[in-house]
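See structure below.
The values are calculated or read from the model by the stated rules, or taken from the named source; none is laboratory data. For clarity, every value in this text was computed on a predicted model and none was experimentally measured. Please note: Cβ atoms are built from the backbone with ideal geometry, for glycine as well, and neighbour counts cover all protein chains shown. The accessibility values were calculated without ligands, DNA or RNA, using every heavy atom of the protein model including side chains. Shrake-Rupley method; radii C 1.70, N 1.55, O 1.52, S 1.80 Å.
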Amino acid sequence: MIQAFKKWLIGYKDEKQTDESRQRIEKLQKGRLPRHVAIIMDGNGRWAQKRGLPRVAGHRQGMITIRHITRAADDLGIEALTLYSFSTENWKRPEDEVNYLMSLPEEFLRTDLDELVERNIQVRMLGRGEDLPKHTLEAINKFREATKNNTGLILSFAMNYGARSEIVRASKQIIEDVESGKLDKDSLDESLFGKYLYTVDLPEPDLLIRTSGEVRISNFMLWQLAYSELWFTDVQWPDFTRERFYQAIEDFQYRSRRYGAV
Ligand code: FPP
């Protein structure tokens, strides 16, 4: 009752699962599921501009899409979902837009934490947390704290994330560990290098989705995407739906992954 009132107060809408999507989930679950899906959520600004709205309206709608796609991934039983939410290059945007983006984790905390906890989802952050505004980092830390013992879907927000900076950071830590005698240089291999990245114990993404028609990686998970299947759509992130997400998974199931073999 209190939960229902709280949801009403914040204008939160529950999505009813249709018979069609239940059947689709069952069909997909019979095939090979990606363990980890990463998404470049692009097109928020254009979505808003097309409607004569300020760009930030696109980001807000994009946050609602995050809710739907998280549910879709969780219902399907995917292990990890990673969302590119703010890149190290996004600080170049107008101050108002940056400020708005930095306020979204707090809003998402207010509107979605209860459901994430109910669904046993664990929230993480990848990126340079130390450069985020205090209020943004606090919201992220509250998410982490409240969900740290959850054992279901791992939902990671890449916030102030850049893959090159992640690789440089990892390299510096490795040098420090070698110099302090904690790490033997000869024991360094690809698998150990991966442990120095923000993704530490996450499986590498099997599937990368990018919305809005751009066909590039934009400094996202450069190390981890080495063998990922890439899937692009012209649909802008605020219009991306559970059905399209499942379409991407279905297409993934038809791909043949050879990892360099024949
Ligand atoms: C790219 O679209 C999108 C972003 C830079 C921000 C994505 C952020 C969200 C969807 C919300 C994040 C929410 C939480 C809770 C962290 P764009 O603005 O570059 O679109 P454009 O290419 O059309 O201009």
Next on the checklist: What is the sum of charges, Lys and Arg at +1 and Asp and Glu at -1, for the other residues whose Cβ falls under 12 Å from the Cβ of Ala73?
Outcome noted: +2
Next on the checklist: Give me, ordered by chain and number, the residues 5 or more places off Glu229 or on other chains with an amide H under 5 Å from its own placed amide H.
Outcome noted: Leu207, Leu208
Item to check | Full-stretch length increase - Tyr227, Lys7 - with 0.36 nm per residue and alpha-carbon distance subtracted | outcome: 75.1 nm
Checklist entry - Summing -39500 (n - 2.57) over the DSSP H runs of n ≥ 4 in the chain and dividing by its residue number, what mean residue ellipticity at 222 nm do you reach, to the nearest 500 deg cm²/dmol? => result -15000 deg cm²/dmol
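Report the relative contact order of the chain, percent, no decimals, based on alpha-carbon pairs under 8 angstrom and at least 6 residues apart.
On the way: 373 pairs, mean separation 69.1, N = 262.
Once divided by the residue count of the chain, the mean separation gives 26 percent.
What part of the accessible area of segment 79-121, given as a whole %, is carbon or sulfur when the probe is 1.4 angstrom?
On the way: 980 of 1980 Å².
Answer for segment 79-121: carbon and sulfur cover 49 percent of the accessible area.
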Item to check | Residue-count net charge about Ser165 - beta-carbon cut-off 14 Å; Lys, Arg +1, Asp, Glu -1 | outcome: 0
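Return one whole number: the accessible area per residue of segment 125-221 in Å², for a 1.4 Å probe. Please list the in-between numbers first.
Details: 4990 Å² over 97 residues.
Ligands and nucleic acids excluded, the figure is 51 Å² per residue.
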Checklist entry - What's the extension gain from Glu107 to Val262 if we count 0.36 nm per residue and subtract their Cα-Cα distance? => result 51.0 nm
Next on the checklist: Test of understanding: given the chain, find the longest segment containing no chymotrypsin sites (Phe, Trp or Tyr not before Pro) that are in a DSSP loop and have at most 13 other Cβ atoms within 10 Å.
Outcome noted: 1-226
Item to check | In nm, spacing of pseudo-spin labels at Glu145 and Trp91 (7 Å Cα→C-beta vector) | outcome: 2.6 nm
Checklist entry - What is the set of long-range amide H partners of Ser87 at a cut-off below 5 Å, with H atoms built 1.01 Å from backbone N? => result Asn160, Tyr161
Item to check | Around Leu188: net Lys/Arg minus Asp/Glu count, Cβ-Cβ under 11 Å | outcome: -3
Checklist entry - With every protein chain in place, what's the accessible area of Ile217 (1.4 Å probe, Å², nearest 10)? => result 50 Å²
Next on the checklist: What number comes out for accessible area per residue over segment 80-121 if the probe is 1.4 Å? Units Å², please.
Outcome noted: 45 Å²
